[in-house]
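One structure is given here, and the rest of the page talks about it.
The values are calculated or read from the model by the stated rules, or taken from the named source; none is laboratory data. This one's a predicted model, so the numbers in the text were calculated from it and none came from an experiment. In case anyone asks, the SASA skips ligands and DNA or RNA and just uses the protein heavy atoms, side chains included. Shrake-Rupley method; radii C 1.70, N 1.55, O 1.52, S 1.80 Å.
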Amino acid sequence: PATVSLLDDTELQKIRSVLTSRGIKPNVLRLTADNPPRIELQASDAMFSVLLDTLDELRTTWRLYPEQLNVVSTSGAGIVNIGGVLVQYGGQSGAQLSGVSR
């Protein structure tokens, strides 16, 4: 398995850049000191299709998977508000996630 960067403040800034470059502007983006590391995320008025693509990029780049994710539609078509927690899994946890699909 490929090496994945452990989450720290530098990686969190890279994640913030990925989100904002795709039009997801987080109101909250916080790294916890849990093991495994978790990222708390809240954002408003994001395109749902962009959210799905971004979650896929976070999964492949940092092995971040939604632990809890609330996605609520707004008044606009395809526009959602997001709130949740993403968890980073290392290579040793890959077997547990083999049944997870997009």
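Share of antiparallel DSSP beta bridges in the range 1-84, in percent to the nearest 5?
Percentage antiparallel, nearest 5: 100.
Give me the one-decimal Kirkwood hydrodynamic radius in Å for the range 1-86, with the sum taken over alpha-carbon pairs. Don't skip to the end; give the middle numbers.
Numbers: mean 1/r = 0.0762 Å⁻¹.
Roughly 13.1 Å, rounded to one decimal.
For the range 1-87, give the percent of accessible area contributed by carbon and sulfur heavy atoms, probe 1.4 Å, rounded to a whole number. Intermediate values should be presented prior to the final figure.
Working: 2420 of 4910 Å².
Carbon-and-sulfur percentage of accessible area, whole number: 49.
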